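Novice: The structure that follows is given in the form of structure tokens.
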């Protein structure tokens, strides 16, 4: 069984027991998180349920593992022949979550 969820402006394919990195969620480690933006569920029997845009009553239950920062992304700006160069960096924060259960709803 797997599902496609939406969180942080991105889509993720998840299965029970899998661990994913998502955009930062304001929760402490060990907290339970419920994601209701589920757009697709595929059951073990092979049946497919699609939402328009979300499946009514469906939810994915997850546990927060921790909050961290990703690797640094370098931003380099340059204008040729103008002696202009700028280098900056950015470390995006993310939340690691473990998928515990997928509930189909309906």
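Novice: Looking only at region 8-21, filter to residues that are free of Cβ contacts under 8 Å to residues at least 24 places away in the same chain and farther than 17 Å from residue 100 by Cα; which one of those is surrounded by the most Cβ atoms within 10 Å (Cβ to Cβ)?
Specialist: Within region 8-21, the first condition is being free of Cβ contacts under 8 Å to residues at least 24 places away in the same chain, and the residues that meet it are 8-10, 12-13.
Then keep just the ones that are farther than 17 Å from residue 100 by Cα; that gives 8-10.
Values: 8: 13, 9: 6, 10: 10.
Filtering region 8-21 for residues that are free of Cβ contacts under 8 Å to residues at least 24 places away in the same chain and farther than 17 Å from residue 100 by Cα, the one surrounded by the most Cβ atoms within 10 Å (Cβ to Cβ) comes out as 8.
Novice: On to the next question. Working only within region 72-106, note down all residues that are within 29 Å of residue 36 (Cα to Cα) and outside any strand (DSSP E or B).
Specialist: 91, 92, 104, 105, 106, listed by residue number.
Novice: While we're here: Within region 22-60, can you find the residues that are exposed (fewer than 14 other Cβ atoms within 10 Å of the Cβ) and not in a loop (DSSP other than H, G, I, E, B)?
Specialist: 23, 32, 34, 48, 50
Novice: Additional query: Could you check, for region 69-78, whether at least one of its residues is under 23 Å from residue 22 (Cα atoms), in contact with a strand residue (DSSP E or B) (Cβ under 8 Å, 6 or more places away or on another chain), touching a residue at least 40 places away in the same chain (Cβ under 8 Å) and surrounded by 14 or more Cβ atoms within 10 Å (Cβ to Cβ)?
Specialist: Kept after step one, since they are under 23 Å from residue 22 (Cα atoms), are these residues of region 69-78: 69-75.
Cutting the leftovers down to in contact with a strand residue (DSSP E or B) (Cβ under 8 Å, 6 or more places away or on another chain) gives us 69-70, 72-75.
Checking the rest, the ones that are also touching a residue at least 40 places away in the same chain (Cβ under 8 Å) come to 70.
When the remaining residues are screened for being surrounded by 14 or more Cβ atoms within 10 Å (Cβ to Cβ), the result is none.
There is no residue in region 69-78 that is under 23 Å from residue 22 (Cα atoms), in contact with a strand residue (DSSP E or B) (Cβ under 8 Å, 6 or more places away or on another chain), touching a residue at least 40 places away in the same chain (Cβ under 8 Å) and surrounded by 14 or more Cβ atoms within 10 Å (Cβ to Cβ).
Novice: Just to be sure before I move on: is residue 68 more than 16 Å from residue 3 (Cα to Cα) and either under 19 Å from the mean Cα position of the chain (by Cα) or modelled with pLDDT under 95 (or both) in the structure I sent? Lay out the reasoning, then the answer.
Specialist: Numbers: more than 16 Å from residue 3 (Cα to Cα): yes; either under 19 Å from the mean Cα position of the chain (by Cα) or modelled with pLDDT under 95 (or both): yes.
Spelling it out, residue 68 is indeed more than 16 Å from residue 3 (Cα to Cα) and either under 19 Å from the mean Cα position of the chain (by Cα) or modelled with pLDDT under 95 (or both).
Novice: Could you please find all residues in region 1-21 being in a strand (DSSP E or B) and more than 14 Å from the chain's Cα centre (by Cα)?
Specialist: 2 - this is the single residue of region 1-21 that is in a strand (DSSP E or B) and more than 14 Å from the chain's Cα centre (by Cα).
The values are calculated or read from the model by the stated rules, or taken from the named source; none is laboratory data. A quick note: this is a predicted structure, and the numbers were derived from the prediction, not measured. Ideal geometry is used to build each Cβ from the backbone, glycine not excepted, and the neighbour counts take in all protein chains shown.
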